[in-house]
1. Quick one: Gly91 ticks every box in (1) surrounded by fewer than 20 Cβ atoms within 10 Å (Cβ to Cβ); (2) within 14 Å of Ile115 (Cα to Cα) except a single one, so which number is it?
2. If you scan region 3-27, which residues turn out to be open to solvent by 50 Å² or more (accessible area, probe 1.4 Å), over 13 Å from Gly118 (Cβ atoms) and touching a strand residue (DSSP E or B) at 6+ places or on another chain (Cβ under 7 Å)?
3. Looking only at region 84-106, count every residue that is assigned to a helix (DSSP H, G or I) and over 14 Å from the mean Cα position of the chain (by Cα) and tell me the total.
4. So if I check each of Ala125, Ala74, which one is assigned to a strand (DSSP E or B), buried (at least 20 other Cβ atoms within 10 Å of the Cβ) and small (Gly, Ala, Ser)?
5. Determine, yes or no, whether Ile67 is surrounded by 15 or more Cβ atoms within 10 Å (Cβ to Cβ), closer than 24 Å to Arg18 by Cα and within 13 Å of ligand 1 (Cβ to nearest atom).
6. One residue is enough: does region 42-51 have a residue meeting the conditions free of Cβ contacts under 8 Å to residues at least 24 places away in the same chain and not in a helix (DSSP H, G or I)?
7. On the basis of being within 16 Å of ligand 2 (Cβ to nearest atom) and outside any loop (DSSP other than H, G, I, E, B), does Glu62 make the cut?
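The values are calculated or read from the model by the stated rules, or taken from the named source; none is laboratory data. In this text, all values refer to a predicted model and were calculated from it rather than measured experimentally. Please note: Cβ atoms are built from the backbone with ideal geometry, for glycine as well, and neighbour counts cover all protein chains shown. With ligands, DNA and RNA removed, areas are computed over all heavy atoms of the protein, side chains included. Shrake-Rupley method; radii C 1.70, N 1.55, O 1.52, S 1.80 Å.
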Amino acid sequence: MPVQRTFVMVKPDGVRRRLSGEVIRRIEAKGYEVDQMKLFTIDEDLATRHYAEHTDKPFFSELVLFITSGPVVAMAIRGPEAVLGCRQIMGATNPLEAAPGSIRGDFATEIGENIVHGSDSPESAERELGLFFG
Ligand code: DAT
Ligand code: MG
């Protein structure tokens, strides 16, 4: 299985709820490595670029307000199939559809406050890692 690097972020709700350690624990327990990590507050420009694919969605302005509302823990995660593996650990986008045992399934109820972000493909991972760690 190919070793990949992916971008994972504990969102402001996760940091506020003191779940950063839980997210990192689950990623490390799976067997992945934290390659780079930083705590900081995203500005509007970075938020807009990170969520560029969602610019035209009705929830976009709410999404930018939320993701800039407090510090995030941004990480580069490395390991076999890390892109898909981290998405599995996170669970489905809507926490009500996320399987029990996943982060979103265990800790969230609302799609707008779903604790964690993970790149959805190797191409997204490269783009997002460049934005946050380039
Ligand atoms: P994911 O974060 O699982 O990759 P996405 O890329 O489709 O999901 O959406 C990015 C974020 O936008 C998602 O984590 C939460 C928010 N979001 C998505 N769909 C939404 C909706 N219908 N209403 C409100 N927020 C939404
Ligand atoms: Mg996405």
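1. (1)
2. The one that is open to solvent by 50 Å² or more (accessible area, probe 1.4 Å), over 13 Å from Gly118 (Cβ atoms) and touching a strand residue (DSSP E or B) at 6+ places or on another chain (Cβ under 7 Å): Val3.
3. Result for region 84-106: 2.
4. Going through Ala125, Ala74 in turn, the sole match is Ala74.
5. In short, yes.
6. Yes, that holds for at least one residue.
7. Against the criterion (within 16 Å of ligand 2 (Cβ to nearest atom) and outside any loop (DSSP other than H, G, I, E, B)), Glu62 qualifies.
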